[in-house]
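Below is one structure; the comments refer to it alone.
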Amino acid sequence: PQNVGIHALEFYFPSQYVSQSELEAHDQASSGKYTIGLGQLNMAFVTDREDVHSICLTAVHSLLEKYSIDPLSIGRIEVGTETIVDKSKSVKSELMRIFAAVGNTNVEGVDCTNACYGGTASLFNSVAWVESSAWDGRFALCVAGDIAVYAEGNARPTGGCGAVAMLIGPDAPVVLESANRFSHMEHTYDFYKPNLSSEYPTVDGKMSLGCYLRALDHCYRGFREKCAKSGDDTATSLEKFAYACFHSPFNKQVQKSVGRLLYNDFLRSPHDKQWDDMPEDLRNVPEEESYTHRDIEQYFSKKAVPYYKRIVQPSVLLSQQLGNTYTASLYSALVSLITNVDPADLRGKRVVLFSYGSGLCSSMFSVRFRDSEDAVGKVTDMRIRLDIASRLAARHKVDPVEYNGILKSKELKYGKPNTAPSGPTDTLFPGTYYLTSIDDMWRRSYERK
Ligand code: ACO
């Protein structure tokens, strides 16, 4: 099979959000800290009516419906998530509710877990299956969804919620290019979830941001080199990129990432004339110090602004509106790109993607929008069916006091059997799966609105 990639995609986000400027005021943070300092606008969240199973069920069911996909045509499902519910049982098995109901139980695949990287692992696995001798001619479904919530404190505004579902098969309009991809993996304790009695992670925030940038350095250098070796000139330096999508814990980190790519371009060609305005004392800062060197960061971030605007800004819509959707975050960027850029302008373009999951796993890879009239039509169709703008506009805002109250009540119920969710169902979007009960054996039941 050739040109394996994305045929259809759907992105689910909850119907309620909290405003970052209101949260900022409520938390008595300095004005602008969350909105400018973190670069976030709103944060999506769920009540106890929704969990990781329900958001993934909603995304998958909606994908099947919107694109009239026969559930019998799916031969593999891979789920990326780090939202832990039944531990040994995968979210994938919950999705089998939909497929077993129509007699399709011959569906390979389970969950992939490593912080925000699971979605990328499941995408790579889905594509690898279609390209393998085990492929039986059916589509794969790649799903990634998370509920990101933090304990009260400075990490709380970096939460979020969302789930993506992608239909993977050959001859796709958006092709995953595997040849140039480059990964960086190492062991770190920057963000993890060792306390199984809590929904919240254990996080060393500053360390995680440094790990992210270090991983980006490794991936970009490897990716750039592979592109150059293969004679592909479209991704050998930042200025050659058409578009780039990043995992977004919050927008400021993405802005800094673009600066960091430029810094890497500088290290490779320090005598290039674009650095003529660089202060002399910055030229010799050792690389290890560069991560925390304020002047280095500011020089490259400032220089990166036009690149950010052209290459990255079209893909940050959803992450600014939803917050960190963990495994779905990078794919929310792809969805935003499809939403914001005219499909005719995406025609034939290569998009570079950077995936980061704490702990840590990271990859840089690319997708290519096929250069054909047919592909433009299919991408236009995706854009219409995704319908992001009107769905964002249909959400309702919840004030920070109520938001914190909802998180508090979820804390008290977390991990307990025999509980009945109390969140409202009337405000859920049509088609949303919601939890109706958790019985005395922790078995969860759902209905669909
Ligand atoms: N106006 C404008 N900017 C402001 C203001 C203001 N009033 N106040 C602060 N800022 C800026 C700061 O200067 C800083 O920007 P800088 O990084 O460019 O200096 C930014 O806002 C954030 O302020 P900090 O004081 O650094 O924020 P704090 O330490 O309170 O928390 C953090 C930030 C560490 C990111 C925290 O939210 C966190 O731990 N989040 C979870 C971890 C995370 O998301 N890691 C990312 C990778 S791993 C993953 O995806 C989960």
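Throughout, read-outs are computed from the coordinates displayed, never taken from laboratory work. All values reported here derive from a predicted model rather than from experimental measurement. Note that we place each Cβ from the backbone using ideal geometry, even for glycine, and neighbour counts take in every protein chain shown.
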Under 19 Å from the 7 Å Cα→Cβ point of L282, by amide nitrogen: which residues of the range 209-232? 213-214, 217
Length gained if R268 through D233 is fully extended, taking 0.36 nm per residue and subtracting the Cα-Cα distance, is 11.0 nm
Excluding near-sequence neighbours (fewer than 8 apart on one chain), the range 386-449 holds lysine pairs with C-alpha atoms under 22 Å apart numbering 5
Under the rule of -39500 (n - 2.57) per DSSP H run of 4 or more residues, summed and divided by the residues of the chain, what mean residue ellipticity at 222 nm is obtained, to the nearest 500 deg cm²/dmol? -11500 deg cm²/dmol
Mind giving me the FRET efficiency for E65 and E447? R0 is 22 Å, r the Cβ-Cβ distance, nearest 0.05 is fine. 0.85
K226: which lysines have alpha carbons under 17 Å from its alpha carbon, excluding same-chain residues fewer than 8 sequence positions away? K240
For the range 279-291, just list the computed ³J(HN,Hα) in residue order, Karplus coefficients 6.51, -1.76 and 1.60, θ = phi - 60°, integers in Hz, with x standing in for Gly and Pro. x, 4, 5, 7, 5, 10, 5, x, 4, 4, 7, 5, 5
If you take the beta carbon distance between K309 and E411 as r and set R0 to 45 Å, what does 1/(1 + (r/R0)^6) give as a FRET efficiency, to the nearest 0.05? 0.65
Using amide H atoms built 1.01 Å from N in the peptide plane, name the residues 5+ places from G80, or on other chains, whose amide H lies under 5 Å from its own. C112, V143, A144, G145
Residues in the range 346-368 near a label at M207, defined as backbone nitrogen under 11 Å from the 7 Å Cα→Cβ point? 359
Neighbour-count ranking for E50, E152, E131 (other C-beta within 10 angstrom, fewest to most) reads E152, E131, E50
Tell me, what is the percent relative contact order of the range 181-288, built from C-alpha pairs under 8 Å that lie six or more residues apart? 19
Relative contact order for the range 219-356 using alpha-carbon pairs under 8 Å, separation at least 6, rounded to a whole percent? 38
Compute the distribution of all C-alpha to C-alpha distances in the chain, in bins of 10 Å from 0, and list the percent of pairs in each, rounded to whole numbers. 4, 22, 33, 26, 12, 3, 0
Residue by residue through the range 38-49, which ³J(HN,Hα) values in whole Hz follow from phi under the Karplus form 6.51 cos²θ - 1.76 cosθ + 1.60 (θ = phi - 60°), with glycine and proline marked x? 9, x, 9, 9, 9, 10, 7, 8, 10, 8, 6, 6
Could you identify which residue out of Q313, Q28, Q16 has the top mean-square fluctuation in a GNM of the chain using Cα springs shorter than 10 Å? Q28
Total charge of the residues flanking S21 in space, meaning their Cβ is under 13 Å from its Cβ, with Lys and Arg +1 and Asp and Glu -1, is -2
How far is the Cα center of the range 348-388 from the Cα center of the range 3-33, in Å? 20
Pick from V107, V316, V351 the residue whose mean-square fluctuation is largest in a GNM of the chain, springs joining Cα atoms under 10 Å. V107
Rank by packing, highest mean first: peptides 59-70, 4-15, with packing defined as the count of other Cβ atoms within 10 Å averaged across residues. 4-15, 59-70
Theoretical FRET efficiency, 1/(1+(r/R0)^6), r = Cβ-Cβ of L72 and D374, R0 22 Å, to 0.05: 0.35
Under the Karplus relation with 6.51, -1.76 and 1.60 and θ = phi - 60°, whole-Hz ³J(HN,Hα) for the range 138-147, x at Gly and Pro, equal 8, 7, 9, 10, 10, 10, 9, x, 8, 10
